[in-house]
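Undergrad: Take a look at the following structure, please.
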């Protein structure tokens, strides 16, 4: 047999093995559907961190025993498990209460409202939506509402809170999805005598499912009344953390406000300098490609939304001004051609980041390698 014939035979074997892998994945999907039914029947969450960690640890060990790279094996397994969670998220969910709750999303036709209405309904609760065009329906639905979540743009959130609160029963939980927590939470406490809760889902409306997504809870008044919603989030597979409103907002000023303005700065300078993104990709390292994608995704979304986030309140605007003043101080290094000053500042920041720098190097390296492998 010639080398060419031998190579053809081996390629056919590889194709056959690939088909067998697909057949096994199809069989696994069928088993997952059975798991979905059991989870719904037994009120179990979609995502169980301990179970996944045990699976990946065991899978890595078995891969090593077979001479397969354990890091690659873990990546493969996690993609398969993510697909399973996505399949589960397309089905019914267990409900955290014996009887369905009545949940109103103010702004329910928007991205986040629509997303959470879908999951609320999939869990056997009853969801409602109020928007500009059907505000008149509030009077009829108000007496039966267990939870009202305000999910409207930041700049009108407090006005909506003050408008809707007088219509609610004193036992109805009033909550919001705003990325700013201090001022909306205080507005709800002032306007509503009943249970109050600040919520911040740390994701956008384009996620395929809620599994592994983060929900921040900021207690307002009688947080125990909303314990059922916390449990429902967990049944959706979400991670849940508690936070003080002041601490939350302090972090968000940097995570959202400053980050989004820096993206505008980056994109605006590219426009000014005629640095077209598609042309830059031809000369980009994988790490700059990743940075460019993170910048570009912002400009694929709504400008008004990001303006509301960046200019959310006075404290956030003051942080931006402080940032610009700091930026001016660093500019002096460039003006003076101060390489030594740059090194001193760089090393000071290195000390500030500490061990996180090593973690960032590892995690970003993973992302960059996967990005390069998939899209380069």
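The values are calculated or read from the model by the stated rules, or taken from the named source; none is laboratory data. The structure displayed is predicted, hence computed values, not measured ones. Every residue, glycine as well, gets a Cβ built from its backbone with ideal geometry; the counts of neighbours run over all protein chains shown.
Residues checked against (1) out of contact with any strand residue (DSSP E or B) (no Cβ under 8 Å at 6 or more places or on another chain); (2) over 30 Å from residue 155 (Cα atoms); (3) outside any loop (DSSP other than H, G, I, E, B):
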| residue | (1), (2), (3) |
| --- | --- |
| 293 | yes, no, yes |
| 301 | yes, no, no |
| 308 | yes, no, yes |
| 318 | yes, no, yes |
| 334 | yes, yes, yes |
| 362 | yes, yes, yes |
| 374 | yes, yes, yes |
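Undergrad: Taking region 148-177, which residues are surrounded by fewer than 24 Cβ atoms within 10 Å (Cβ to Cβ) and within 17 Å of residue 233 (Cβ to Cβ)?
TA: 177
Undergrad: Looking only at region 130-147, which residues are touching a strand residue (DSSP E or B) at 6+ places or on another chain (Cβ under 6 Å) and either surrounded by fewer than 19 Cβ atoms within 10 Å (Cβ to Cβ) or in a helix (DSSP H, G or I) (or both)?
TA: Here is the first cut: in region 130-147, the residues touching a strand residue (DSSP E or B) at 6+ places or on another chain (Cβ under 6 Å) are 130, 138, 141, 144-147.
Correct list: 138, 141, 144.
Undergrad: Looking for something in contact with a strand residue (DSSP E or B) (Cβ under 9 Å, 6 or more places away or on another chain), buried (at least 16 other Cβ atoms within 10 Å of the Cβ) and in a strand (DSSP E or B) - is there at least one such residue anywhere in region 178-194?
TA: Checked region 178-194: no residue is in contact with a strand residue (DSSP E or B) (Cβ under 9 Å, 6 or more places away or on another chain), buried (at least 16 other Cβ atoms within 10 Å of the Cβ) and in a strand (DSSP E or B).
Undergrad: Moving to a separate point now. So for region 55-68 (the condition being surrounded by 13 or more Cβ atoms within 10 Å (Cβ to Cβ), more than 30 Å from residue 92 (Cα to Cα) and touching a helix residue (DSSP H, G or I) at 6+ places or on another chain (Cβ under 6 Å)), does at least one residue qualify?
TA: yes
Undergrad: Here are the criteria: (1) farther than 20 Å from residue 224 by Cα; (2) assigned to a helix (DSSP H, G or I); (3) modelled with pLDDT of 95 or more. Tell me which single one residue 127 does not satisfy.
TA: Every condition holds for residue 127 apart from (2).
Undergrad: May I ask you to verify whether residue 339 is touching a helix residue (DSSP H, G or I) at 6+ places or on another chain (Cβ under 9 Å), assigned by TED's automatic domain parsing to the domain that holds residue 253, free of Cβ contacts under 8 Å to residues at least 24 places away in the same chain and on the phi < 0 side of the Ramachandran plot? Full working, then the answer.
TA: Values: touching a helix residue (DSSP H, G or I) at 6+ places or on another chain (Cβ under 9 Å): yes; assigned by TED's automatic domain parsing to the domain that holds residue 253: yes; free of Cβ contacts under 8 Å to residues at least 24 places away in the same chain: yes; on the phi < 0 side of the Ramachandran plot: yes.
So residue 339 fits the description; yes.
Undergrad: Another question, then. For residue 84, state whether it is buried (at least 16 other Cβ atoms within 10 Å of the Cβ), under 22 Å from the mean Cα position of the chain (by Cα), at pLDDT below 95 and in the same structural domain as residue 26 (by TED's automatic domain parsing).
TA: On the way: buried (at least 16 other Cβ atoms within 10 Å of the Cβ): yes; under 22 Å from the mean Cα position of the chain (by Cα): yes; at pLDDT below 95: yes; in the same structural domain as residue 26 (by TED's automatic domain parsing): yes.
Yes; evaluated as a whole, the condition is true for this residue.
Undergrad: A follow-up question, please. So residue 117 clears everything in (1) outside the structural domain of residue 168 (by TED's automatic domain parsing); (2) in a helix (DSSP H, G or I) except one condition, right? Which one?
TA: (1)
Undergrad: Within the bounds of region 161-170, is there any residue that is more than 21 Å from the chain's Cα centre (by Cα) and in a strand (DSSP E or B)?
TA: No: region 161-170 contains no residue that is more than 21 Å from the chain's Cα centre (by Cα) and in a strand (DSSP E or B).
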